[in-house]
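Report on one structure; see the data block that follows.
Read-outs throughout are calculated quantities, based only on the coordinates presented, and are distinct from any laboratory measurement. Please read these numbers as outputs of a predicted model, since none were measured by experiment. Every residue, glycine among them, receives a Cβ derived from its backbone with ideal geometry; neighbour counts consider all protein chains shown.
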Amino acid sequence: MAKAMATGIAAADLDPDTGRARLSYRRAAELFKHASDGWTLHDLRHSALTHAAEDGTPTPMLMTKSGHTSIRTLSRYARPSADALAAWHAERDPAARKKASQR
C-alpha cells in the first residue's frame, strides 16, 4: 500500500495478488500495437464483432456487446467476409443442403 501512495496510484488500481498497477488504456494500446505489427485495440474491437457476426450472433446481441444503438453504426464494425457470407448462405439454401446430403 505504501508503494501505491508513493507513486500516486490508487489502491483500487493495484492487483491485490501481485501489487502491480493495472495498465492504462494508452499503455495497453502501445503494447498491443507493437506486439501485433501495427494493429490497434480499435481494430481488435472490429475483429471481435466481425467474428461474432460470422459465427451467427444475433444483431441485438452484437448491438448490446458493442454499445451501439443503431444498426447503421454497427455495420461499420461487423463486416463478415465473402467466405463467411457464402458459408451462411450454403447453410440456409435448400438446394445447397440437398446437394450436400446427396454426396
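Against the longest alpha carbon principal axis of the chain, how many degrees, from 0 to 90 and to the nearest 10, is the axis of helix 25-35 turned?
It works out to around 60 degrees.
May I ask you to sort ASP17, ASP43 by Cβ crowding, counting other Cβ atoms within 10 Å and putting the fewest first?
In increasing order of surrounding Cβ atoms, one gets ASP17, ASP43.
Tally Lys and Arg at +1 and Asp and Glu at -1 over the other residues with C-beta under 9 Å from the C-beta of LEU49: what net charge comes out?
Result for the neighbourhood of LEU49: +3.
Compute the acute angle (0 to 90°) between the alpha-carbon long axis of helix 41-54 and the principal axis of greatest extent of the alpha-carbon atoms of the chain; round to the nearest 10°.
Here the helix axis deviates by roughly 30 degrees.
Under 12 Å from the Cβ of TRP88, count the other residues' Cβ atoms, weight Lys and Arg +1, Asp and Glu -1, and hand me the total.
Net charge around TRP88: -4.
With a cut-off of 8 Å between alpha carbons and a minimum separation of six or more residues, what is the relative contact order of the chain in percent?
It comes to 15 percent, rounded to a whole number.
Could you tally the net charge around ALA29, taking each other residue with its Cβ under 13 Å from the Cβ of ALA29, Lys/Arg +1 and Asp/Glu -1?
+2
Treating the beta-carbon of each Lys and Arg as +1 and of each Asp and Glu as -1, no other charges, what is the dipole magnitude of the chain about its Cα centre, to the nearest 20 debye?
300 debye
So for HIS51, HIS34, fewest C-beta neighbours within 10 Å to most, what's the order?
Going from sparsest to densest Cβ surroundings: HIS34, HIS51.
For helix 82-92, what angle does its Cα long axis make with the longest principal axis of the chain, in degrees from 0 to 90 and rounded to 10?
Once rounded, the angle reads 50 degrees.
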